[in-house]
1. Hey, could you check the range 266-283 for residues that are assigned to a loop (DSSP other than H, G, I, E, B) and out of contact with any His (no Cβ under 8 Å at 6 or more places or on another chain) and say which is nearest to Pro43 (Cα to Cα)?
2. Only one of these is closer than 27 Å to Phe295 by Cα and at pLDDT below 95: Asp79, Asp50. Name it.
3. Does Arg350 count as surrounded by fewer than 18 Cβ atoms within 10 Å (Cβ to Cβ), of a type outside the set (Asp, Glu) and not in a loop (DSSP other than H, G, I, E, B)?
4. Residues of the range 91-135 being farther than 30 Å from Arg156 by Cβ, among the basic types (Lys, Arg) and assigned to a helix (DSSP H, G or I), which ones?
5. So for the range 64-82 (the condition being more than 22 Å from the chain's Cα centre (by Cα) and surrounded by fewer than 15 Cβ atoms within 10 Å (Cβ to Cβ)), does at least one residue qualify?
6. If a residue must be outside any strand (DSSP E or B) and either in contact (Cβ under 8 Å) with a residue 40 or more places away in the chain or closer than 17 Å to Met341 by Cβ (or both), how many such residues does the range 223-237 contain?
7. Among the numbered conditions (1) closer than 24 Å to Thr111 by Cβ; (2) polar (S, T, N, Q); (3) surrounded by 14 or more Cβ atoms within 10 Å (Cβ to Cβ), tell me where Thr12 comes up short.
8. Which ones in the range 147-164 are surrounded by fewer than 20 Cβ atoms within 10 Å (Cβ to Cβ) and not basic (Lys, Arg)?
Amino acid sequence: MITSPADIKPDTKWTDTKWAWTSEESLVDHKTSGRLCVATLLPFKDGQPDWAGFERSIQWMIDCAGHFNVEIAFVLNADTGYIFNLSPELYREVITRFRATFPTPKIICGTTAVGASGDEFNADWYRTHLDIAQAFDNVEVMIMTSQQLNSLDPERRRDGYFAIAEHITVPAIVHALEPSFVSWATPYEPWLLHELAQHDKFIGGKVSTLDEPHFLYWSAMCRDLGLDFAPHSGDDYGIAQSIRMGNPLLIGAGVSACPLICAAKQMWLASEDGTFDTRVYKLFEAFQSLEDSVFRLNANGSAAAYKHSTAAVLKLLGLIETDEIHPDCPDSRSDGEFERMREALIRPMRIAERMGIPNFEIA
């Protein structure tokens, strides 16, 4: 069993390390509240961005975070913002419109390989999004993987990230995926995570995981080794885990369940005598039941249509006018999604009412 980073090799598997066998219970933290980074939905109406709905949904999330004193950041132009369907002009307009209305909040801009083609990786593909995002203030960037980057072996993949970092001038987050989101994706090996965590441009990483506990592996390694690198959970099937360990969240579920997650983060924190609001366990169950429906897998094992489900929830909450998705995005649910989300909201809304959680009711 590997216990030292000196013994990790590029082909080492997580299960060969002690960090894969660390219990969540040993990492529980009732004192730290990691930030909530909401992967913001870009809503659509009649095939065009619904800017009024976009602003209403953001203001709603700001109000939720303010009520519960939770640090919140807004992730723009990531998967929930249809990054793979945005022209550079629309990519810039999203950030410009956000900043015009909301000059203060931290923003994290997704960046990916614009114009990627062929089998060879080219770090310059990321420059289009990096140049746009880094022109704004109070911004971080998230380096979203591409098929060409993901296909590299661990050492060349590290070199690819380091090459991208040469063009980065703001704090950056790296992003790993499991195949539940895109079929070609693979999560980081322990060697690769350790290498990236030591780069001074990378302040943290997000792992989007539905099937394997990679976020737990990351958290165990980073805490045990004292790495100056913050694991951000992208596990929309395990939101409570991040709250219990005091780690940040970077999730699309932060949109549809924002007031519930903010309430849970506050309730989990302990007072000076070590007590905390144990009703939080029922709240965990309630918002997870909603997100299990929002992020349910289709027949191909993909959760990518969560964007459609999220839009349906925001429409039910009266924040946007339609549950349309980007007209070029294929990730849609079948007919009846609106009513399915109405049913999914019954339990969490009941819990919210009983716990006095505001800003969460059907319009």
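The values are calculated or read from the model by the stated rules, or taken from the named source; none is laboratory data. Keep in mind that this is a model prediction, so the values were computed, not measured. Here Cβ is always computed from backbone atoms with ideal geometry, including for glycine, and neighbour counts include all displayed protein chains.
1. Taking the candidates together, the pick is Arg279.
2. Only one candidate passes the filter, namely Asp79.
3. Yes; evaluated as a whole, the condition is true for this residue.
4. Arg92, Arg97, Arg99
5. Taking every residue of the range 64-82 in turn, none turns out to be more than 22 Å from the chain's Cα centre (by Cα) and surrounded by fewer than 15 Cβ atoms within 10 Å (Cβ to Cβ).
6. Within the range 223-237, residues that are outside any strand (DSSP E or B) and either in contact (Cβ under 8 Å) with a residue 40 or more places away in the chain or closer than 17 Å to Met341 by Cβ (or both) number 6.
7. Looking at each condition in turn, Thr12 falls short on (1).
8. Those that are surrounded by fewer than 20 Cβ atoms within 10 Å (Cβ to Cβ) and not basic (Lys, Arg): Gln147, Gln148, Asn150, Ser151, Leu152, Asp153, Pro154, Glu155, Asp159, Phe162, Ala163.
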